[in-house]
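Here's the structure, in structure tokens; my notes come after.
The values are calculated or read from the model by the stated rules, or taken from the named source; none is laboratory data. Keep in mind it's a predicted model, so treat the numbers as computed, not measured. Here the Cβ is made from the backbone with ideal geometry for all residues, glycine too, and neighbour counts use every protein chain on show.
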Amino acid sequence: MVKFFSKLLKRSQVLELGQLNDIKHVVYELDKEGFVELKYLSLWQCPTVQYILHSSTSVEWVPPPNAFCMLEELILDGLDNLEAVCHGPIPMGSFGNLRISSLASTPQEAVVPRSQ
């Protein structure tokens with residue numbers, strides 16, 4: 001299914017995804033270029049999602065340099081296993097336009113780290 005919609009996902013400005021039960025890393029698995037045209041993202045009832053953006057480099061993965069560069073609104077609801085919005089450092093240019101974020105039924109510490 002993901003391959004079928006990959007071209008559409010790359011050019012989308014508004015994206016609402018719900019009840020995905022087999023996705024752990026949103027950018028890595030859905031658009032390796034980082035959804036550069038996306039302005040609105042809503043993820044709901046996706047119990048397996050661990051990270052929205054996995055920015056740690058590895059042998060097989062180099063994160064996009066400007067993932068979510070146009071994103072203005074991020075809505076997360078029911079992401080029970082979310083560990084972090086971004087695993088690793090946030091790449092320069094990513095999330096730069098984010099103005100609104102909403103969390104519901106999502107572990108707060110995944111998005112707002114506890115102070116040391």
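Numbers below:
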| quantity | calculated |
| --- | --- |
| Answer from Tyr40, Tyr51 - the residue that is under 24 Å from Asn21 (Cβ atoms), among the hydroxyl-bearing types (Ser, Thr, Tyr) and touching a helix residue (DSSP H, G or I) at 6+ places or on another chain (Cβ under 8 Å) | Tyr51 |
| Criterion: surrounded by 15 or more Cβ atoms within 10 Å (Cβ to Cβ) and at pLDDT below 90 - qualifying residue of Leu38, Leu30 | Leu30 |
| In the range 46-71, the residues that are touching a strand residue (DSSP E or B) at 6+ places or on another chain (Cβ under 8 Å) and surrounded by 15 or more Cβ atoms within 10 Å (Cβ to Cβ) | Cys46, Val49, Gln50, Tyr51, Ile52, Leu53, His54, Ser55, Pro63, Ala67, Phe68, Leu71 |
